[in-house]
Structure formats: C-alpha cells, structure tokens
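Following: one structure in structure tokens, then a few remarks.
The values are calculated or read from the model by the stated rules, or taken from the named source; none is laboratory data. None of the values given here were measured: they were computed from a predicted structure. Neighbour counts are summed over all protein chains in view; Cβ atoms, including those assigned to glycine, are modelled from backbone coordinates with ideal geometry.
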Amino acid sequence: MALNTKNAIADSVFLLLNNNNINSITVKEISINANISRKTFYNNFHNIIDVIDYKLDNIIKDIIKIYKLNIIRKKDYNTLLVELYNYSYKNKIYFNAIKKELFLKFKIKLDNAFLNITTNKYLYISISGSFFNIIFYCLENNTDIKNFIIK
C-alpha cells in the first residue's frame, strides 16, 4: 500500500509540474490530485522535493538497468537509444516535467549514478549528453526516434 501511495503522490507532483512552476505547487494540490489527505502526504514525504528525489531516483535506477542490460548483451548504441526512448515515451509525464523544471537536478543525479558504475567516462558522456538530447527532442516534437538511428 505504501508504495502505491508514494507512486500516486509522485504521479500527482509530476502531472502538476507539466503545467506549473515547481514553486507554485502546494501539498494541498498534490493531495487533492492524488486523492489522499495532507497527513498521508507527510507520512510518506517531508516535502515536495523529497517526492521529486524519490521519483528521479527510481527513473535513474530504471535507466541504469536498461544501460546495464544493453552492455551485458553487447547490444549496439542504436538499440540502447531505442530502449531509452521507449522507456522515456512510456514515462512521458515524468520526462516532460524533467525537461521543463528539473533537468539540472536530473542530470546531476544521473551523472553521479553513472560515474559510480562505469570506468569509461567518455562513453558515459556520449550516452548522457547525446542520447537525452535526442530523446527530449523526440518527445517534445513527437518525432519518431528511428529518424536518429544510424544504419
């Protein structure tokens, strides 16, 4: 139950971030959107930033899982790009909010996570910079990721 509540709260925050500035969102709005009480919000998180960190950490865990599976399977970068895009598209509500309000926070967390798992910092830089620029471009412009696949 607690995990479902946390995810409902995170969904509410990121939905609100798609149309609002982070500083204008209130716990009252989040609670109404998540269909919970303010007390339930505070039983799960200290503040809105905690909610954002919780969701970004989960997104980054998923991204690292996708990266590791591709590295283990020795897939090419095109496959990795498509899988990251598919994940981003499936979670568009979060990635739109990240691009709009949270990109620097997301990038710093992602950088720290990747630098802990890879010794090839140049590979990481190319993945982090290029891949997410392409993914955000495609999400924003409703462009098919296959336009960026190198054959």
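Which residue pairs have Cβ atoms under 9 Å apart, sit 6 or more places apart or on different chains, and have a first residue in region 75-88 that is within 14 Å of N147 (Cα to Cα) and a second that is basic (K, R)?
N78/K151; T79/R73; V82/K146
Which one of the conditions (1) at pLDDT 95 or above; (2) in contact with a Leu (Cβ under 9 Å, 6 or more places away or on another chain) does V51 fail to meet, given that it meets all the rest?
Answer for V51: the failing condition is (2).
Residues in region 3-33 that are farther than 14 Å from D50 by Cβ, more than 17 Å from the chain's Cα centre (by Cα) and assigned to a helix (DSSP H, G or I): how many?
Number of matching residues: 9.
For region 34-47: of the residues being among the hydrophobic types (A, V, I, L, M, F, W, C) and within 21 Å of I59 (Cα to Cα), which is farthest from the chain's Cα centre (by Cα)? Can you show your working first?
Here is the first cut: in region 34-47, the ones among the hydrophobic types (A, V, I, L, M, F, W, C) are 34, 36, 41, 45.
Subset that is within 21 Å of I59 (Cα to Cα): 34, 41, 45.
On the way: A34: 19, F41: 21, F45: 19 Å.
Residue satisfying both the conditions and the ranking: F41.
Looking only at region 54-74, count every residue that is out of contact with any Leu (no Cβ under 9 Å at 6 or more places or on another chain), farther than 24 Å from K6 by Cβ and touching a residue at least 24 places away in the same chain (Cβ under 8 Å) and tell me the total.
Of the residues in that region, 1 qualify.
Just the residues that are at pLDDT 70 or above, over 16 Å from the mean Cα position of the chain (by Cα) and among the aliphatic types (A, V, I, L, M), please, taken from region 112-135.
L115, I117
I'd like to check something: does region 36-46 contain any residue that is touching a helix residue (DSSP H, G or I) at 6+ places or on another chain (Cβ under 8 Å), hydrophobic (A, V, I, L, M, F, W, C), within 22 Å of N112 (Cβ to Cβ) and assigned to a helix (DSSP H, G or I)?
The answer is no, given that none of the residues of region 36-46 is touching a helix residue (DSSP H, G or I) at 6+ places or on another chain (Cβ under 8 Å), hydrophobic (A, V, I, L, M, F, W, C), within 22 Å of N112 (Cβ to Cβ) and assigned to a helix (DSSP H, G or I).
Please specify each residue of region 79-105 satisfying the condition of being of a type in the set (S, T, N, Q) and at pLDDT 85 or above.
Residues satisfying the conditions are N86, S88, N91, N96.
Where residues in region 136-151 are among the aliphatic types (A, V, I, L, M) and in a helix (DSSP H, G or I), which of them is modelled with the highest pLDDT?
Applying the filter and picking the extreme gives L139.
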